[in-house]
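Written out below as structure tokens is the structure these notes cover.
The values are calculated or read from the model by the stated rules, or taken from the named source; none is laboratory data. The structure displayed is predicted, hence computed values, not measured ones. Here the Cβ is made from the backbone with ideal geometry for all residues, glycine too, and neighbour counts use every protein chain on show. What goes into the accessible areas is simple: the full protein's heavy atoms, side chains included, and nothing from ligands, DNA or RNA. Shrake-Rupley method; radii C 1.70, N 1.55, O 1.52, S 1.80 Å.
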Amino acid sequence: MVELIKIENLRHTYPGYDGQEVAALTDINLTVNQGEFVAVIGTNGSGKSTLAKHLNALILPTGGKCIVAGMDTADSDKVWEIRQQVGMVFQNPDNQIVAAIVEEDVAFGPENLGVEPAEIVRRVTEALQLVNMEEYRHHGPHLLSGGQKQRVAIAGVLAMRPKCLVLDEPTAMLDPRGRKEVLETVCRLNQEGITVIYITHFMEEAVTAHRVVVMEQGKIVTQGTPVEIFSQVDRLKAMGLDVPVAAEVAACLREQGIKLEQDIISDEQLVVALCP
Ligand code: ADP
Ligand code: MG
């Protein structure tokens, strides 16, 4: 296993608006291997976005270290290389699209990296194919649905050939169909080898990850496989988090005396368990 991200005793304190410092992250330790799909969950204000911003040096540690693909994010000579290796996708698709034509938008990243024009064309085609948006290449992004815009934003990141995608609640502003499109795209990219760090408050999305990291008040309070995390229905609820509907229904049925395994976290598993 190749280590892609290594975070050691990371702290982040914001100056704060009223002179009061805000300790957004305290003593974060996290390792992510190449090819992993890690979901990050936690209530509002738990530090998820602050953690994401460290991964491509948008902000720098106020304590500890963040190493990405062997580079220390605090090393100012490495910032551009780090940003090429780790692509970020944010919540609002409209804030991420800069050009008036889809293909120009996707070309923006590699253009800034100084990639040769012929190579840019190749990369744009490849990136649009990867997110299943090639037929919209000559369209205006403003005419696309939210899910399509997010896929264009992902293509723009892919055109820089990153090792890792960091997505910060990429589906929060989308309808169910757009959410499904984006999640399926991300899962497919991960299967093709790209490392994914996926922040979400939709637990049904977190279920598809290899590993779930749970944050609370600037700390990682627990992490494990989706089954290990989502079988702790009461603990998650006490933290103010949702649990996948299937896990919650299974927990209720168990309380009623129905024998069900602990590893039921998806609708499909619940259906199979109840109607074998
Ligand atoms: P999450 O993404 O989990 O909602 P954030 O990382 O956005 O959490 O925020 C963590 C904490 O840091 C919160 O208390 C938030 O108010 C604070 N915070 C975030 N950004 C800033 C900032 N630019 N200046 C001051 N405080 C901030
Ligand atoms: Mg956030």
Cβ pairs under 7 Å, 6+ apart, first in the range 85-112 and among the aromatic types (Phe, Trp, Tyr), second assigned to a helix (DSSP H, G or I) and open to solvent by less than 70 Å² (accessible area, probe 1.4 Å): PHE108/GLY156
Can you name every residue in the range 135-157 that is in contact with a Gly (Cβ under 7 Å, 6 or more places away or on another chain) and farther than 18 Å from ARG177 by Cα? GLY156, VAL157
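Scanning the range 133-171 for residues that are charged (D, E, K, R) and under 22 Å from the mean Cα position of the chain (by Cα), which turns out surrounded by the most Cβ atoms within 10 Å (Cβ to Cβ)? Before you say what the answer is, go through the steps one by one.
Step one: list which residues in the range 133-171 are charged (D, E, K, R), which gives 134-135, 137, 149, 151, 161, 163, 168-169.
Those left that are additionally under 22 Å from the mean Cα position of the chain (by Cα): 149, 151, 161, 163, 168-169.
Numbers: LYS149: 25, ARG151: 29, ARG161: 17, LYS163: 18, ASP168: 20, GLU169: 20.
Result: ARG151.
With the structure loaded, tell me whether VAL98 is assigned to a loop (DSSP other than H, G, I, E, B) and out of contact with any Leu (no Cβ under 9 Å at 6 or more places or on another chain) or whether it fails that test.
Numbers: assigned to a loop (DSSP other than H, G, I, E, B): yes; out of contact with any Leu (no Cβ under 9 Å at 6 or more places or on another chain): yes.
So VAL98 fits the description; yes.
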Of all the residues that make up the range 97-107, how many are open to solvent by 80 Å² or more (accessible area, probe 1.4 Å) and closer than 29 Å to GLU3 by Cα? 0
Residue satisfying all of: in the range 203-255; among the small types (Gly, Ala, Ser) and surrounded by fewer than 18 Cβ atoms within 10 Å (Cβ to Cβ); farthest from the chain's Cα centre (by Cα) among these: ALA238
If you go through the range 68-96 one residue at a time, how many are of a type in the set (A, V, I, L, M, F, W, C), within 20 Å of VAL186 (Cα to Cα) and either surrounded by fewer than 16 Cβ atoms within 10 Å (Cβ to Cβ) or touching a Lys or Arg at 6+ places or on another chain (Cβ under 6 Å) (or both)? 0
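Yes or no, residue by residue, for (1) outside any loop (DSSP other than H, G, I, E, B); (2) among the aliphatic types (A, V, I, L, M); (3) without any contact (Cβ under 8 Å) to a residue 24 or more places away in the chain; (4) away from ligand 2 (no atom under 16 Å from the Cβ):
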{"site": "THR31", "(1), (2), (3), (4)": "yes, no, no, yes"}
{"site": "GLY35", "(1), (2), (3), (4)": "no, no, no, yes"}
{"site": "ILE41", "(1), (2), (3), (4)": "yes, yes, no, no"}
{"site": "THR50", "(1), (2), (3), (4)": "yes, no, no, no"}
{"site": "LEU58", "(1), (2), (3), (4)": "no, yes, no, no"}
{"site": "GLY64", "(1), (2), (3), (4)": "yes, no, no, yes"}
{"site": "ILE67", "(1), (2), (3), (4)": "yes, yes, no, yes"}
{"site": "ALA74", "(1), (2), (3), (4)": "no, yes, yes, yes"}
{"site": "VAL79", "(1), (2), (3), (4)": "yes, yes, yes, yes"}
Go through the range 44-57 residue by residue and tally those that are within 12 Å of ligand 1 (Cβ to nearest atom) and surrounded by 15 or more Cβ atoms within 10 Å (Cβ to Cβ). 9
Going through the range 102-137 in order, the residues found to be in contact with a Pro (Cβ under 8 Å, 6 or more places away or on another chain) and more than 24 Å from CYS187 (Cα to Cα) are GLU119, ILE120
The one condition GLU192 fails out of (1) farther than 30 Å from GLN96 by Cβ; (2) open to solvent by 20 Å² or more (accessible area, probe 1.4 Å) is (1)
Being among the aromatic types (Phe, Trp, Tyr) and within 15 Å of ligand 1 (Cβ to nearest atom) is the filter here; which residues of the range 12-39 pass it? TYR14, TYR17
Applying the selection to the range 256-276, what residues are within 22 Å of VAL40 (Cα to Cα) and either surrounded by fewer than 13 Cβ atoms within 10 Å (Cβ to Cβ) or among the β-branched types (Val, Ile, Thr) (or both)? ILE264, ILE265
Among the residues of the range 3-36, the number that are open to solvent by 90 Å² or more (accessible area, probe 1.4 Å) and either closer than 14 Å to LYS53 by Cβ or modelled with pLDDT of 95 or more (or both) is 2
